[in-house]
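Take a look at the structure below.
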Amino acid sequence: MVAGLRDPAVLDRLLYGAPMAHRHPSRLDELDEGLDVRPQFSREGETVDIPRRKISQTSVAPETAYQIIRDELMLDGNARLNVATFVTTWMEPEADKLLQESAATNMIDKDEYPQTAQIESRCLDILADMWHVPSPDEPIGCSTTGSSEACMLAGLAMKWHWRRRHHLTGQDAQRPNLVMGANVQVCWLKFCRYWDVEARTVPVRRGDTVMHPEDAGAACDENTIGVVAILGSTFDGAYEDVKGIAAVLDDVQRDTGHDIPIHVDAASGGFIAPFLDSELEWDFRVPRVLSINASGHKYGLVYPGVGWILWRDDKSRPDDLIFHVDYLGGDMPTMALNFSRPGAQVVAQYYCFLRLGHDGYVRVQQHSRDVAMYLAERISRMGAFELISDGSDLPVVAFCLNGAATKTGKPRKGSFADKADFTVWDISDALRTGGWQVPAYSFCADREDLNVLRIVVRNGFSRDLAAMLLDDLGSAIDKLSGSGKADKPGAAFRH
Ligand SMILES: Cc1ncc(COP(=O)(O)O)c(C=O)c1O
């Protein structure tokens, strides 16, 4: 043993590293006094002492608990002005009612809630039809808490297939890898780390924002369990070329014999492409596509958390990933990672399918795309910005300072980006004063020199709101450039 390792402090440090902050930082953590209860809510003479970080000894009335929490939640951002998230922030009152009424249902308990189970299976039928499952009569899939869980299941199925094939052919099955663009969502890096798979991330070429099919093919070998293609990159909303990737993998199979499947991470695009890009072949029409996931709580138009996973056929989902339980009554096959989870969101997903129908989804998604493209066009006309995406795939607009997107990573000489003495983070901060949450971030690995802002247009984000956001974006630029500085307190307020 290395001498230093006998020292528990050294061993501890090597095993666990330096202590890391796991909490979202908040100055409230420093407050040690209890929660404040407004006078109307405490009874005459009663001292209400509710500790902040321990369960209190005594109970309080429901309205007191409600008031305390409600007051605190006022400080959360306004979800409708949050254009950072892909997740649904508005549903109709009838959907709210159904959600409330089915809040107590447990999706796993199919014996107690057979109608909820029936509704889940109808949703799967609808998705199977939308995504062109070859034999849609008995779709193989399930609902999940979101795309992350769905991606874990898809990744596991690919790993199981690969391992079984390697065992049958007497090949080593110790070092699986998964090929994906550096622009993947973090859930894929989690999958690889949690399940001991090498994350083989393909750099995004300069000038591109998503993985190039040729680069995906070049990264594959006999240990590749699959390739992830993203329908709607989180970074800028661009679709990856599923058919192009499949064609390259056909060549790989012809040249090497490796038969590598594709999983399509259609977290957002799974509910956009079927309605707006019906000609685009990205789904089970492409024979190499083994499985597809989508988030019902993104463009599926449901509040968080519901996701979906479907496999091509019953051969695509290994049986040994399914467990059978009988302690809730009846035989219950289960594959999801979670056991208990809400049934309400699945009910709300069915509400959306029923309420909107195909044409309704087309109208809602087209409106979001129109608003995104309107925003993109206006932003590009401002002069201060350059578009990275224009909302024509997912309704997402990513943009950087004009002149910042170059092959060298340095701003073009004399451009707006070159002259500006502020960053996209300053713009994001300035927009916050108007309540807008527009994230600023560096692009994916190998393109970190590119700093962008991103606006995700969702159901409920109208053209009027977009116009107000544009107005505030223009003011932010004026102010940061010095031309619109407030010369006396309050001068920046306009009514
Ligand atoms: C492409 C992609 N995959 C997966 C996820 C994870 O989805 P969820 O939040 O539903 O777990 C996201 C979330 O933004 C995403 O954009």
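Read the figures in this text as sums done on the coordinates, not as results from a lab. The structure presented is a predicted model; accordingly, all values stated were derived computationally and were not measured. Here the Cβ positions follow ideal geometry from the backbone for every residue, glycine too, while neighbour counts run over all protein chains shown.
Points worth noting:
- Entry note, the range 368-481: relative contact order of 27 percent, from Cα contacts under 8 Å with a spacing of 6+ residues.
- Protection proxy ranking of 459-468, 58-67, 209-218, by the mean of other Cβ atoms within 10 Å over each peptide's residues and highest first, is 209-218, 459-468, 58-67.
- Mean separation of Cα contacts under 8 Å, 6 or more apart, over the residue count of the chain: relative contact order %: 17
- The chain: DSSP helices with Cα axial extent of at least 15 Å and average Kyte-Doolittle hydropathy no lower than 0.0: 242-256, 463-481
- The peptide list 248-261, 365-378, 138-151, 80-93, put in order of mean Cβ contacts within 10 Å with the highest first, becomes 138-151, 365-378, 80-93, 248-261.
- Dipole size of the chain about its Cα centre, with +1 on Lys/Arg Cβ and -1 on Asp/Glu Cβ: approximately 1220 debye, rounded to the nearest 20.
- Taking the range 98-353 and dividing mean pair separation by its residue count, relative contact order in percent (alpha carbons under 8 Å, at least six apart): 29
- Normalised per residue, the volume of the convex hull around the Cα set of the range 163-216 (Å³): 86
- Distance (nanometres) between label positions extended 7 Å along Cα→Cβ at L75 and D7: 4.2
- A rounded overall shape is assigned to the chain, the ratio a/c of its alpha-carbon gyration tensor axes (a ≥ b ≥ c) being less than 1.5.
- Prolate/oblate/rounded label for the range 100-231 (Cα gyration tensor, a/c 1.5): prolate
- Exceedance of the 23 Å cut-off in Cα-Cα distance is limited, within the set K110/K190; K190/K410; K419/K479; K97/K298; K159/K315, to K110/K190; K190/K410.
- For the range 256-354: rounded, prolate or oblate by the Cα gyration tensor [a/c cutoff 1.5]: oblate
- Loop-located chymotrypsin sites (Phe, Trp or Tyr not before Pro) in the range 178-246 (DSSP state other than H, G, I, E, B) with a sparse environment of at most 16 neighbouring Cβ atoms within 10 Å: W195.
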